[in-house]
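Working notes, structure below.
The values are calculated or read from the model by the stated rules, or taken from the named source; none is laboratory data. Note that the coordinates shown come from a computational prediction; the quantities given were computed from them, not determined experimentally. Cβ: placed from backbone, ideal geometry, glycine included. Neighbour counts: every protein chain shown.
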Amino acid sequence: MPVAPTLPAAAGRSADRTLVERHLWGDPAAFEELYRAHAEMVYNLALRLSGDPEGALDLSQEVFLRVHRHLPKFRGRSTLKTWIYRVTVNHCRSRLRRRHVPTRTLAAEEERLAGLADPRRGPEERALADDAGRRLAAALAELPVLFREAVVLRDLEGLEYEEIARVLGARIGTVRSRIARGRGRLREVLGAAQPEEGALP
């Protein structure tokens, strides 16, 4: 027997449905609200999956074109945010499989997303954080796309396993396996990137 959604979740879905209905009735402000609410999330996810700040902008624009086109198909089985996550992941997956994924990233973008550029930190601490952000971004780019998606959604986006399963269209057990294998591969890549003690940088 299905469990009734909690009050906050039900309220959120009701608000989503209202926003979609306003859009379908031709209210131009509705899609602007949707865009403002989710644009940063979509760009951040596209950046973390692609590792390419410029490409992430293009991906984000394409995602919102898809969202605009397919919004009438939204049925409210999940939150609008989860649905947009799924559109973003599916589009990025499709695009990234058709081209080489660059390992380069802009450290400034990674700092902004990870909150590393904290002005209260000293220059030495910021330099260490900058380097960590670059190494993590490069390591993520080395992961197979399916593992990268799962790790990014869990460890960088902070989604729960159930929501990740809905976003990826996979079983929770599969999600857990991808995250575990992705984390293991990340540890291997990051470990291999560490200079040996006494070695020149």
Which residue out of Leu159, Leu190, Leu116 is at pLDDT below 90, part of a loop (DSSP other than H, G, I, E, B), in contact with a helix residue (DSSP H, G or I) (Cβ under 7 Å, 6 or more places away or on another chain) and surrounded by 11 or more Cβ atoms within 10 Å (Cβ to Cβ)?
Leu116
Taking only region 23-62 into account, find how many residues are touching a helix residue (DSSP H, G or I) at 6+ places or on another chain (Cβ under 6 Å) and among the basic types (Lys, Arg).
1
Return the pair list, or none, for Cβ contacts closer than 7 Å from residues in region 59-85 that are more than 20 Å from Arg48 (Cβ to Cβ) to residues that are in a loop (DSSP other than H, G, I, E, B), at least 6 apart or on different chains.
Leu80/Phe74
